[in-house]
Amino acid sequence: QVQLVESGGGLVQPGGSLRLSCAASGSLFRAYTMGWYRQAPGKQRELVATITSGGSTNYADSVKGRFTISRDNAKKTVYLQMNTLKPEDTAVYYCNALLQSKDSWGQGTQVTVSS
């Protein structure tokens, strides 16, 4: 099972940007489908974006055109560049690693968008 550590969260004003990072352990990183999910208070965890081992990406409609997911296999790290942030993007963001129906989660990083 891979261990994941997120970083990069914080407080940002509406319209601002943040970049989240998720560092993974283990030697199989390049084989994993990596994803970012988020959970706002009182809501269910939801998909934000995923990137496959081949680099194909998928985004929630609510973040398309504003967020970009990317990965650096040499650094075993996946990123989430978040631009034009809105108050409704406020949530705990979680990194996920999926391989052969087995997934692992990070501890989460808080993103707060507020003036």
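The values are calculated or read from the model by the stated rules, or taken from the named source; none is laboratory data. What you are looking at is a predicted structure, and each value in this text was computed from that prediction instead of being measured. We place every Cβ from the backbone using ideal geometry, glycine too, and count neighbours over all the protein chains shown. These accessible areas exclude ligands, DNA and RNA; they are computed on the full protein's heavy atoms, side chains included. Shrake-Rupley method; radii C 1.70, N 1.55, O 1.52, S 1.80 Å.
Quick notes on this one:
- For the stretch 74-102, the set of residues classified as surrounded by 15 or more Cβ atoms within 10 Å (Cβ to Cβ) and farther than 20 Å from residue 10 by Cα consists of 76, 97, 98, 99, listed by residue number.
- Strands (runs of 3 or more DSSP E) enclosed by the stretch 9-89 - at least 3 residues per element that are closer than 25 Å to residue 101 by Cβ: 18-24, 33-39, 46-51, 57-59, 67-72, 77-82
- Qualifying residues in the stretch 1-25 (those that are more than 12 Å from residue 106 (Cβ to Cβ) and open to solvent by less than 40 Å² (accessible area, probe 1.4 Å)) - the one nearest to the chain's Cα centre (by Cα): 18
- Test result for residue 8, at positive phi and touching a Leu at 6+ places or on another chain (Cβ under 6 Å): yes
- Residue that is at pLDDT 95 or above and under 22 Å from residue 112 (Cβ atoms), where the choices are 57, 84: 84
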